[in-house]
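Data first, discussion second: the structure below is written as C-alpha cells.
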Amino acid sequence: MSRKKDKLARPPGRGSVSRRDFLRGAGVAVSGGLIAGETTKARAAAGATTPILGPGKVPITLRINGKPQTLELEPRVTLLDALRNHLDLTGAKNVCDRGTCGACTVILDGDPVYACNVLAIEAQGRNIQTIESLTVGGKLHPVSAAFVEHDAQQCGFCTPGFVMAVKAFLDHHPNPTMESVEKGLGGNLCRCGTYVGIRKAALQAAKSVKGGLHNA
Amino acid sequence: MPSCKYDWPAAGQRKHIGKRISRIDGPDKSSGRAKYTYDVNRPGILFAKVVGSPYAHAKVTSIDTSEAEKLPGVKVHIVQGVGTEIHWAGSEILLVAAPAEEVARDAAQRVKIDFEVLPHLVHEEDLSKVGDRGKPTAEQKTGDAAAAFSDPDAVIHEGYYGSAIIAHCCMEPHGQVVEWTPDGNLRAWESTQNVSGMPKEYADALGIPVTNVRVMTPHMGGGFGSKFGADRWGSECAKFSKAVGKPIKMMLERDLELVMAGARPPHYAKVKVAAKKDGTVTAWESDSWSTGGPTGGGIPPLPYALNDIPNVTKRHTAVATNIGPIRAWRAPNHPQAAVLTLCALDDLAAKLNMDPMDFFQKNAGLGGERADMYRQELTKAAELSDWKKLWHPRGTKIAGNVERGLGLSLHTWGGRGHNSRGTVTINPDGSVEVAAGSQDLGTGTRTVIALTAAETLGLEIKDIKVSIGDSALLPSGASGGSTTVGGVSSMTRRGAIDAREQLFAAVAPSLGVPPDQLEAVDGKIQVKGSAAKSVSWKQACAKLGMNSIKAEGKNPGPCELISSGVGGVQVADVSVDIETGLVKINKMVAVQDCGLVLDLKTAESQCYGALIMGISYALHEEKIMDNATGRMLNPNMEFYKLAGIGDIGELVVHMMTGPGYDERGVIGLGEPPVISPGAAISNAVANAIGVRIPTIPITPAKVLAALEKGGVA
Ligand code: FES
Ligand code: FES
C-alpha cells in the first residue's frame, strides 16, 4: 500500500493547511467515501496481480504496540472496530465513524491516522501504536501528564484521540507554537470544550519531551 | 469562624478548597484506561442497531425482516409494529442484533419497512405557516407597557430575534450495554446523568422489581442535559437481551444521535423595548414562539436576567412539530432567552447612542437581587476585555475588509445542590472511601468529593478513594440544573465530619483530652493547636480495632453549606470579514461567580468549556431540517459543525471569589457560563458591522445577507 493513501486518512498536522481550514475554504466535503473510492480505483487498475480477499473472514495479523496479534476478520472491518471489538483495546473511541472528529486517532508508522478510516487489513505490516502503549510501568506519558496538569479533559471521551494526536504532532514538530498547535490539532474535536487546556498541554508536553521525560 | 458544626472551614484554614486541584480521574482519562459504556465488552455480546423511520410523520404499514434474518446470527426485536404511528424521523421501529457489528449494520440495511406518509411540520420559524400546530398561551402582564410605550419621551426599539434548533452531540452517543444474570437480574452499563434514578425506569418498563436492576456508569462521555432517561431504546434493548439470552451493546450511531437523541429548542420573538432618554429601560413587549417537538415545549424566561423591567407584556405560542422531542440542553431556555433579551436591549442602547457597558451598568438594578453582582462583574469584564480602549460606536468603519466589534451579555442561574446520600468509610488501616450513587459528567464530581473529604479529615486528596457511578450505592440526585457539586460536596462534608467525630472519640483517651479538643490536620489527629500532642492518621485509625467507621452523609442537612443564584457577565471581541462573512473570535471574557469555589482549576474548566460550546452554537450549530422530507440534512459531524481548536481565540475566565462570595456556600456552575456567549457574540457582530444578524448561528451567509441591506459594507 502506498504512502500517498495514508495521507488521505491522516488527520492534518503534518501539512500547512488543516482539514477544517481546507473545508472552510473550499466548501466541499472530503469524506472517507471519497478516499475509499480512489483506493478501489487504484486496486482495479492493478488488475490481476491483486489477490481477492473476502468477503468472508480472513486471517489478519496486526502489529499493535510492538506485539503481533492475529485475528479472523472480514476485510471490510476497520482498524478501529478491530481494536475495540476484537482486541478490547478501547482507548481509541468511536464518535463519528467517518473521519471527522479524531476520537479514534492512533499512530501508524509514526503518523496519526483516523482508525475509523483505515481498514484493519490495510494496517498489516505497519507499526500500530495505540494509547494503551503510552503509560509505561504505571508512569504517564508526558503528553498524558500535561493533559492532567492543564485539565485538558472533561468527560474525557475525546481525550485519548487528542493525546495521540498531540503525541504524533510533537514527534514531528518538537518546537511548536500556539499557532502550529491549532493547525496541527485541527482534525480533532471536543464537545466539552477543553481546547484551552489542550493548547497549554501541547506546549508544555513539548518542553517535557525535550527535557528527557520521553516515555516512548 | 464556623458557627455551625458542618460549616465550611474559614478562609485561612482551607488546605484544598479553592485551590487549583487536578481532577482525580484525569490520569485514567488521559491514559485511555477510563472505561465508558461504549467500551464495555462482555463475553458472547451482540451488537444492536436501530432501524428508524425515514419519515417525520408516518404510519407503519408493513415490516419484512426476512432478508436481514438470513445473515449469520442476526436477531430482530420489534419496537413499534404495523399500524403504529411515528412522530419524528429516526424514531425506532425495530432493533437488529448480531455477534459482529458490521453484520448488524448489514442487517439494518436489509430490513424493509413500508409506511403511509402523513403530513409533517419541521419548521417553526415562520409562525404564519404552522397552522393549527401553534397554541398561544395566555398573555402575561406586569405594569402598563402600552402606557410606557406611548410616553412621548420614550425611545423605542422593535426587532426580531431568534436562536435555531441545535443538537447535544455528546461525543459518547446515547446507549447501553445490558446483560441478564441467570436469576433474572438486569445489569446495565448506561451513559447516563442519572445513575440512581435509572433502575426504576428499567424496572417500570420491564415489570420487574427495582431491586433486580443495577445500573453502572463509571465514566460517561458527555450529556449536557440529554441523558436523564433510559429512553425507549434502553428498555427495549433490555427486553431484546432477555429474549435472546445474550448481553447486548446498543450505542446510537452518530446520525441517529444527532437526529433524535437530543435537541435544544429554538426560540424566536418579536420584541419591543423602551427607555427614557437617559437610558433607563421602562417597558418590554414580546411575542415569542418555540417548539418542544411533539409537545409545545418550554417558555423562555422573558425579559431575561433584567427581569424587573417595570412594564411588561408578553405572549408565547407553543408549536408542535415533527422534529423529535427536545431535551434539556445546558441551562434550558436561558441561552435563547439571553439572545432575545440582551440583543434587543443592545439594539436599544445603540439607538440611544449609549455605550452598552454604561447602559447595562445603568440598568443593572433591573436584575433584582443580583444587581450588585452584575455591577461588579460588568466592571471586571470591562477591565479584562479592555472595553474602554477597544469599544467604538456601532458600525464605525475601521479600515480594510475586516471589522472588529465588542459585545456583552449577562446571565443568571439557580444551582442549588440536589438531594444526595453517601457513605464515608474510615478503615482501621487508615484507608478512606466516599461512596455515592452519583456520576461524573466531566464536571469533576469525583474531584470535589475527594477534596471535600481530604479537607475535612486533614488528609491529602490522593488518600481518598471515591466510588460513584453505581446504582447499588446510596442514591444521589441526577446531574441536572447545576446541582451536583452542591449536593455531593455538602453530603461529603457532613458525612466526613460525623466520621471524624467517631475517630476523635476512639483516639481521645490516648491523647488524654475530650474528643472535642481534637482536630485533624496534615495527616495527624492532634490536640487543637498543638502538633506535639498528636498521633498519625494511621495510628489513629488502628485504634478502631476491627471496626471501620461508616458515616452517612446527606444533603439537605443541618447548616447552610450551599445556596443558589449566580450571576455572570461575558464580553465577546470579534472580527468580521465583510467580504466572506466569516466571524472570527479574537477574545472572550467570562466573569462568573458560584459562591464558594471548591476547585478553581475545574471551575475554570467549566467556564472555558461553556465559552467554547457557546462560540460553537453562536457561529456554527444548527440542525438543518428539510421541509420536503421532514429529515435532518446534516446528521453527521462534518456538517453539524462544532467549533474546533483553531476557532476559539483567546479566552479569559475570572471567578469572583473571596468575601461576599465565599460565605454563600457552594453553588452550581455547569450551566450559567454557557448562557451568554450567543448574545455577547451577536452583539459584538452588530457592533462590528453596524447591522443586527437577527438569529444565531451567525453564519457567513447571514452576515452577507445582512450587509446587503446596510451596515458598514
Ligand atoms: S471516529 Fe474516527 S474520526 Fe471520528
Ligand atoms: S472532554 Fe468531553 S468531548 Fe472532549
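Within segment B:156-174, is there a residue that is more than 14 Å from chain A (Cβ to nearest Cβ), away from ligand 2 (no atom under 16 Å from the Cβ) and under 27 Å from residue B:249 (Cα atoms)? Before you say what the answer is, go through the steps one by one.
Applying the first criterion (more than 14 Å from chain A (Cβ to nearest Cβ)) to segment B:156-174 yields B:156-165.
Still in the list and also away from ligand 2 (no atom under 16 Å from the Cβ): B:156-165.
Now narrow it down to the ones that are under 27 Å from residue B:249 (Cα atoms): none.
Scanning segment B:156-174 turns up no residue that is more than 14 Å from chain A (Cβ to nearest Cβ), away from ligand 2 (no atom under 16 Å from the Cβ) and under 27 Å from residue B:249 (Cα atoms).
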**Item:** Failed item in (1) touching a residue at least 40 places away in the same chain (Cβ under 8 Å); (2) charged (D, E, K, R); (3) away from every other protein chain (no Cβ under 14 Å); (4) more than 25 Å from residue B:97 (Cα to Cα), with residue B:200 passing the rest
**Value:** (1)
**Asked** Which residue, of A:84, A:43, A:63, is part of a helix (DSSP H, G or I), more than 16 Å from ligand 2 (Cβ to nearest atom) and modelled with pLDDT of 95 or more?
**Response** A:84
**Request:** Kindly list the number of the only condition in (1) open to solvent by 20 Å² or more (accessible area, probe 1.4 Å); (2) out of contact with any Pro (no Cβ under 7 Å at 6 or more places or on another chain); (3) more than 15 Å from ligand 2 (Cβ to nearest atom) that fails for residue B:677.
**Result:** (1)
**Message:** All but one of (1) in a helix (DSSP H, G or I); (2) under 25 Å from the mean Cα position of the chain (by Cα) hold for residue B:250; state the number of the condition that does not hold.
**Reply:** (1)
**Asked** Of (1) away from chain A (no Cβ under 14 Å); (2) on the phi > 0 side of the Ramachandran plot, residue B:32 satisfies all except one. Which?
**Response** (1)
**Request:** State whether the residues of segment B:577-598 include one that is at the interface with chain A (Cβ under 9 Å from one of its Cβ atoms), within 16 Å of ligand 2 (Cβ to nearest atom) and of a type in the set (A, V, I, L, M, F, W, C).
**Result:** no
**Request:** Output the number of residues of segment A:162-176 satisfying the condition of being in contact (Cβ under 8 Å) with a residue 60 or more places away in the chain and either crowded, with 24+ Cβ neighbours inside 10 Å or within 16 Å of ligand 2 (Cβ to nearest atom) (or both).
**Result:** 6
**Prompt:** Do the conditions hold for residue A:159, that is, is it under 21 Å from residue A:84 (Cβ atoms), open to solvent by 10 Å² or more (accessible area, probe 1.4 Å) and at the interface with another protein chain (Cβ under 10 Å from one of its Cβ atoms)?
**Reply:** no
**Request:** Could you check how many residues of segment B:602-624 are open to solvent by 20 Å² or more (accessible area, probe 1.4 Å) and over 18 Å from the mean Cα position of the chain (by Cα)?
**Result:** 2
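State all residues of segment B:35-71 that are at the interface with chain A (Cβ under 10 Å from one of its Cβ atoms) and not basic (Lys, Arg); if no residue qualifies, say none.
The first filter runs over segment B:35-71 and keeps only residues at the interface with chain A (Cβ under 10 Å from one of its Cβ atoms), leaving B:35-36, B:38-41, B:45, B:47.
Scanning segment B:35-71 gives B:36, B:38, B:39, B:40, B:41, B:45, B:47.
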**Complete:** The condition of being within 11 Å of chain A (Cβ to nearest Cβ), open to solvent by 10 Å² or more (accessible area, probe 1.4 Å), away from ligand 1 (no atom under 16 Å from the Cβ) and within 28 Å of residue B:30 (Cα to Cα) holds, among B:224, B:228, only for B:224
**Request:** Just need a number here: residues in segment B:233-265 that are under 20 Å from residue B:471 (Cβ atoms) and open to solvent by 30 Å² or more (accessible area, probe 1.4 Å).
**Result:** 2
**Item:** Positions within segment B:568-601 being touching a Pro at 6+ places or on another chain (Cβ under 6 Å) and buried (at least 23 other Cβ atoms within 10 Å of the Cβ), in sequence order
**Value:** B:568, B:590, B:592
**Item:** Of all residues making up segment B:536-566, the number that are touching a Lys or Arg at 6+ places or on another chain (Cβ under 9 Å), open to solvent by less than 20 Å² (accessible area, probe 1.4 Å) and more than 27 Å from residue B:596 (Cβ to Cβ)
**Value:** 1
**Subset of segment A:72-89 [away from ligand 1 (no atom under 13 Å from the Cβ) and either more than 14 Å from residue A:130 (Cα to Cα) or touching a Gly at 6+ places or on another chain (Cβ under 8 Å) (or both)]** = A:72, A:73, A:74, A:75, A:76, A:77, A:85, A:86
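The values are calculated or read from the model by the stated rules, or taken from the named source; none is laboratory data. These numbers come from a predicted model, not from an experiment. Cβ atoms come from the backbone with ideal geometry, glycine included; neighbour counts cover every protein chain shown. Surface areas here come from the heavy atoms of the whole protein model, side chains and all, with no ligands, DNA or RNA. Shrake-Rupley method; radii C 1.70, N 1.55, O 1.52, S 1.80 Å.
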